[in-house]
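J.: I have a structure I would like to understand better, so I am pasting it below and will then ask my questions one at a time.
The values are calculated or read from the model by the stated rules, or taken from the named source; none is laboratory data. Here the structure is a predicted model, which is why all the values come from computation and not from measurement. Cβ placement follows ideal geometry from the backbone for every residue including glycine, while neighbour counts extend to all protein chains displayed.
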Amino acid sequence: MLRGLAPSVALLAWLIGQTPARAGESVVTIASVRGETIPATLIQPDGPGPFPAVVIMHDCSGLGPRSSGAPRRWVAELVPQGYVVLLPDSFGPRDLPNGVCTETPERQQLATAYIRSGDAHGALAFLKTLSFVDPRRIGIMGGSHGGSSTLASMVEAGAGRHDGFAAGIALYPSCSVTLGEWSTRRPPGRSLGPAMSHSGVYRPVAPTLILAGEKDDWTPAEPCRWLAETARAAGQPVSIKIYPGAHHAFDSPAPVRYVEARTNGNSPTGKGATTGGDPAAWADAKLQVAAFFAQYLRR
């Protein structure tokens, strides 16, 4: 725990109500660079280290009772490979215990990708204080809302607060947002629907990989293709892989289904999105994540 951080009564009550940490886990508090106190789950492999580490940013369902389970599935992949993993909870302490997948756009502003990048950099600073973590080898990853938060955490504007992450992986993120110099635009007069044009260059502080689904109607792959292609043309270390036929949340065993209640700014109506697993994409994503982090966090 960081010294000088006194969790509020509400946060303490929230922590008490959580499931006790498993063996090899502990619940810690971190300081967001915005000054807020954020709970996080720390998981470490056996042995003294020092280990490389990964911050996993959860998706729009959060880490509460409605969680998609994706962060834990990636914990199960990374810890056996010798990574310390830290899972910050950006939603619980901001009165969003059930996530923001179906929240109003106004409520979603309580925890945007840029707000959550402050949590990610707080997690980075915390990990650097641990004797069993190699401070030079800390990466970040996340899916969907966590993927967008990963991209926000990797741009130059966010790195001035700390030394920056050594590598980042964004799974099916929204690239139709402002990320440093990069931005997209909808047609004039439209506030909803897919992006139609873009400007600027995405400039991450370290190598960044995007994994997206071709049929994603929640966070479409095409703006991410634009982002990656313009970044690479400008000499930036950004790569992308788009899985044919895959939907949003392809790293899941869940069947493909459309849910009208989901808030979706990329839909002309602002509602409705499709999610569901793709065994081939999920299997390849595991290989991509393992190889990318091995290249940049273990060298």
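J.: So the check is Cβ under 6 Å with 6+ separation or different chains; which pairs have a first residue in the range 127-149 that's under 24 Å from Ile210 (Cα atoms) and a second one that's among the charged types (D, E, K, R) and buried (at least 24 other Cβ atoms within 10 Å of the Cβ)?
T.: Here the result reads Gly143/Asp59; Ser144/Asp59; His145/Asp59; Gly146/Asp59; Ser149/Arg116, each pair linking the range 127-149 to a residue that is among the charged types (D, E, K, R) and buried (at least 24 other Cβ atoms within 10 Å of the Cβ).
J.: Which residues, counting only those in the range 59-106, are in a helix (DSSP H, G or I) and in contact with a His (Cβ under 7 Å, 6 or more places away or on another chain)?
T.: Scanning the range 59-106 gives a single hit, Pro71.
J.: Can I ask one more? Within the range 31-43, how many residues are at pLDDT below 95 and in contact with a Phe, Trp or Tyr (Cβ under 8 Å, 6 or more places away or on another chain)?
T.: Of the residues in the range 31-43, 1 are at pLDDT below 95 and in contact with a Phe, Trp or Tyr (Cβ under 8 Å, 6 or more places away or on another chain).
J.: Still on this structure: Tell me, which strands (runs of 3 or more DSSP E) lie completely within the range 165-229 with 2 or more residues that are closer than 30 Å to Ala283 by Cβ, at pLDDT 95 or above and not aromatic (Phe, Trp, Tyr)?
T.: 167-171, 208-213
J.: Now, a different point. Filtering the range 106-135 down to residues that are touching a Gly at 6+ places or on another chain (Cβ under 7 Å) and over 18 Å from Ser149 (Cα atoms), which residue is surrounded by the fewest Cβ atoms within 10 Å (Cβ to Cβ)?
T.: Selected residue: Phe132.
J.: Within the range 233-251, can one find any residue that is over 20 Å from Phe293 (Cα atoms), in contact (Cβ under 8 Å) with a residue 24 or more places away in the chain and hydroxyl-bearing (Ser, Thr, Tyr)?
T.: no
J.: Now for a different question. What number goes with the only condition from (1) outside any helix (DSSP H, G or I); (2) crowded, with 24+ Cβ neighbours inside 10 Å; (3) of a type in the set (Val, Ile, Thr) that Thr150 does not pass?
T.: (1)
J.: Do we find that Val54 is in contact (Cβ under 8 Å) with a residue 24 or more places away in the chain, on the phi < 0 side of the Ramachandran plot, of a type in the set (Val, Ile, Thr) and surrounded by 24 or more Cβ atoms within 10 Å (Cβ to Cβ) in this structure?
T.: yes
J.: Hey, which of the strands (runs of 3 or more DSSP E) in the range 235-299, taking only ones fully inside, have at least 2 residues that are under 15 Å from Leu209 (Cβ atoms) and within 19 Å of the chain's Cα centre (by Cα)?
T.: Because the criterion is at least 2 residues that are under 15 Å from Leu209 (Cβ atoms) and within 19 Å of the chain's Cα centre (by Cα), the strands (runs of 3 or more DSSP E) in the range 235-299 that meet it are 238-243.
J.: Exactly one condition in (1) of a type in the set (D, E, K, R); (2) part of a loop (DSSP other than H, G, I, E, B); (3) under 15 Å from the mean Cα position of the chain (by Cα) is not met by Arg34; state its number.
T.: Of everything listed in (1) of a type in the set (D, E, K, R); (2) part of a loop (DSSP other than H, G, I, E, B); (3) under 15 Å from the mean Cα position of the chain (by Cα), Arg34 misses just condition (3).
J.: Considering only the range 28-51, state which residues are more than 13 Å from Leu127 (Cα to Cα) and β-branched (Val, Ile, Thr).
T.: Val33, Thr37, Ile38
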